[in-house]
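Have a look at the structure below, then the notes.
The values are calculated or read from the model by the stated rules, or taken from the named source; none is laboratory data. Here the structure is a predicted model, which means the values were calculated and not measured. For neighbour counting, all protein chains shown are included, and Cβ atoms are generated from backbone atoms with ideal geometry for every residue, glycine included.
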Amino acid sequence: MSAKSTVSEKRSSPSGEQGSGILMWRFGERLRAWRVNGGLTQKDVALGVGVSIAIVCEWEHGNRFPSARHIGSLSAFTAIPFCCFLYSGKGWCPCAPARMVQKKQGT
């Protein structure tokens, strides 16, 4: 079984397990929501963090997980606390900026 199929299985699992696939998927889902709500393109994020657009796309689709250094760069670039990028619970991290949570809930 390939790494991608393992991630897909964990991603679609209704059991709610907090495996690495679920964390990557939630990370990507939140990153995309924050990016879109902030009016940013994948290119904007890539330039702000110092990675390629393809890497940002891989992060958003849950196929790759950024290093701690890149999460730090994302945090600095987006002004979103570092812990929010690693939050694996349902919903938003308790530390998430209200500006991001309100936009998501209002849509």
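Would it be correct to say that GLU17 is acidic (Asp, Glu), out of contact with any strand residue (DSSP E or B) (no Cβ under 9 Å at 6 or more places or on another chain) and either surrounded by fewer than 18 Cβ atoms within 10 Å (Cβ to Cβ) or modelled with pLDDT under 85 (or both)?
Working: acidic (Asp, Glu): yes; out of contact with any strand residue (DSSP E or B) (no Cβ under 9 Å at 6 or more places or on another chain): yes; either surrounded by fewer than 18 Cβ atoms within 10 Å (Cβ to Cβ) or modelled with pLDDT under 85 (or both): yes.
Here the answer is yes, as GLU17 does meet what is asked.
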The residue that is nearest to TYR87 (Cα to Cα), considering only those in segment 30-40 that are part of a helix (DSSP H, G or I) and either in contact (Cβ under 8 Å) with a residue 12 or more places away in the chain or in contact with a helix residue (DSSP H, G or I) (Cβ under 8 Å, 6 or more places away or on another chain) (or both), is ARG30
Residue count, segment 41-65, condition free of Cβ contacts under 8 Å to residues at least 12 places away in the same chain and either assigned to a loop (DSSP other than H, G, I, E, B) or in contact with a strand residue (DSSP E or B) (Cβ under 7 Å, 6 or more places away or on another chain) (or both), comes to 2
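Just to be sure I understand, how many residues within segment 48-57 are surrounded by 15 or more Cβ atoms within 10 Å (Cβ to Cβ) and over 10 Å from the mean Cα position of the chain (by Cα)?
5
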Matching residues in segment 75-94 (in a loop (DSSP other than H, G, I, E, B) and small (Gly, Ala, Ser)) number 4
